[in-house]
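A short reminder: the numbers here are calculations on the coordinates, not readings from a lab. Not measured: the values here are computed from a predicted model.
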Amino acid sequence: MIFCVTNRSLCKADFLQQLRRIAGAKPDAIVLREKMLSEDAYMQMAEQVFSICQENQVQLICNTFIRVAERLAVPVQIPFSTLSQTDSLSVPFGVSVHSMEEAIRAEQAGAAFLIAGHIFATACKPDLPPRGLLFLQEICQAVSIPVLGIGGIHVQNAASILQTGAAGFCIMSDFMQTDAPEWMMQQLRKLC
């Protein structure tokens, strides 16, 4: 699985135009991770991105905003700290995890997938050391649901993520900044 994670502040081009190009390249999902927006602003953006995803038959996954995900009837990825809010969720959910204990608890709570990281050094978290491939491998072995790695993943190191037993990976910076999302997806698909 190949997930594009958004961050409009990293985009060199128009954000929605970039997402149209990315969706046209057919990742398995686009995770709309725009945490700095209010819920209303996120809803407006999510509706636009949902339309782009539907046109291209790509899954939209909301990030953090559970009510928006439920309104659009799409999965949501949540931080581990909000796991307690999943009891009455009407859509599938994934959880961001940063430890073995979090991964096990998220699976027990009914998570459909986990996003584990950060695996490699990343400009998004310059002050935090990466957790590395062994961390990811241990998470994959501890749970029976799909695990995707995140953090510092590029075409050049994505194969090592899959070698840990991960179901796939999430890429943010390269997708947001690429002038050639189709080429990038072709290279990534060769690995899967």
For this session: Kindly write out, for region 159-169 in residue order, the coupling ³J(HN,Hα) from the Karplus curve 6.51 cos²θ - 1.76 cosθ + 1.60 (θ = phi - 60°), rounded to whole Hz, with x marking Gly and Pro.
Result: 4, 5, 5, 5, 5, 7, x, 5, 6, x, 8
Problem set entry | Cut-off under 5 Å, modelled amide H: who pairs with Val5 long-range | Val31, Ile171, Met172
Seminar exercise, completed: Averaged over all viewing directions, the convex hull of the alpha carbons in region 53-192 casts a projected area in nm² of 8.8
Exercise. Once phi is turned into ³J(HN,Hα) by the Karplus curve 6.51 cos²θ - 1.76 cosθ + 1.60 with θ = phi - 60°, what whole-Hz value does each residue of region 81-95 show in order, with x for glycine and proline?
Worked result: 4, 10, 4, 5, 8, 8, 3, 10, 5, 9, 10, x, 9, x, 10
For this session: Please tell me which of these pairs span more than 24 angstrom C-alpha to C-alpha: Lys35/Lys190; Lys12/Lys125; Lys12/Lys35; Lys12/Lys190?
Result: Lys35/Lys190; Lys12/Lys190
Problem set entry | GNM top mover of Ala158, Ala112, Ala13 - the chain, alpha-carbon springs below 10 Å | Ala13
Exercise. Just from its helices, what would the mean residue ellipticity at 222 nm be for the chain, if runs of 4 or more DSSP H residues each count -39500 (n - 2.57) and the sum is divided by every residue, rounded to the nearest 500 deg cm²/dmol?
Worked result: -11000 deg cm²/dmol
Exercise. If you plug each phi of region 2-10 into the Karplus form 6.51 cos²θ - 1.76 cosθ + 1.60 with θ = phi - 60°, what whole-Hz ³J(HN,Hα) values come out, in order, with x for Gly and Pro?
Worked result: 10, 10, 8, 10, 8, 7, 4, 5, 8
